[in-house]
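**Q** A single structure is presented below for examination.
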Amino acid sequence: MAVAAPVLLLLVLLVVQTALWMHGDHVAADIARRTAEQSRTAGGAASVAEGGGGSFLSGLDVSVDRGAEEVRVVVDAEVPSIVPGFSWPVGHEITAPVERFVPAEAAP
């Protein structure tokens with residue numbers, strides 16, 4: 001019985017940690033998606049979307065590379081750890097086409 005209680009507690013902490021990691025993964029995906037949507041508009045600039053739960057993630061690093069035809073957003077962060085000694089990184093990369101005006105060809 002003395003061995004079962006710490007093992008059970010560790011299992012419960014791992015389940016909670018996995019849930020936190022999954023939530024952090026969804027937060028990182030949302031930040032990447034919203035940043036790509038904001039940066040791909042015709043008048044948009046290569047900037048990071050505001051808000052979005054970034055305070056939940058630690059070491060949040062968002063890089064935006066906007067070219068003439070596409071925008072690429074990379075989000076890297078870490079989820080807070082309640083299980084000591086483990087690192088729980090999350091990351092997402094999204095590439096989307098840039099909206100642009102293409103004039104219609106003149107009809108003969």
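The values are calculated or read from the model by the stated rules, or taken from the named source; none is laboratory data. Computed from a predicted model, the values in this text were never measured in an experiment. Using ideal geometry, Cβ is built from the backbone for each residue, glycine included, and neighbour counts are taken over all protein chains shown.
**Q** All but one of (1) at pLDDT below 90; (2) part of a helix (DSSP H, G or I); (3) over 22 Å from Glu93 (Cα atoms) hold for Leu11, so report the exception by its number.
**A** Among (1) at pLDDT below 90; (2) part of a helix (DSSP H, G or I); (3) over 22 Å from Glu93 (Cα atoms), Leu11 violates only (1).
**Q** Sort out which residues of segment 15-43 are modelled with pLDDT under 90 and loosely packed, with under 15 Cβ neighbours inside 10 Å, and write them in order of number.
**A** Answer for segment 15-43, where residues must be modelled with pLDDT under 90 and loosely packed, with under 15 Cβ neighbours inside 10 Å: Thr41, Ala42, Gly43.
**Q** Another question, if that's okay. For segment 94-108, what are the residues that are out of contact with any helix residue (DSSP H, G or I) (no Cβ under 6 Å at 6 or more places or on another chain) and either closer than 20 Å to Ile31 by Cα or at pLDDT 90 or above (or both)?
**A** Keep residues of segment 94-108 that are out of contact with any helix residue (DSSP H, G or I) (no Cβ under 6 Å at 6 or more places or on another chain), which gives 95, 97-108.
Selection gives Thr95, Pro97, Val98, Glu99.
**Q** Test Ser63 against the stated conditions and say whether it is of a type in the set (S, T, N, Q), surrounded by 12 or more Cβ atoms within 10 Å (Cβ to Cβ) and modelled with pLDDT under 90. Show your work before the answer.
**A** Values: of a type in the set (S, T, N, Q): yes; surrounded by 12 or more Cβ atoms within 10 Å (Cβ to Cβ): yes; modelled with pLDDT under 90: no.
In short, no.
**Q** Which one is farthest from Val74 (Cα to Cα) among residues in segment 14-47 that are free of Cβ contacts under 8 Å to residues at least 24 places away in the same chain and assigned to a helix (DSSP H, G or I)?
**A** Once the filter is applied, the top-ranked residue is Val15.
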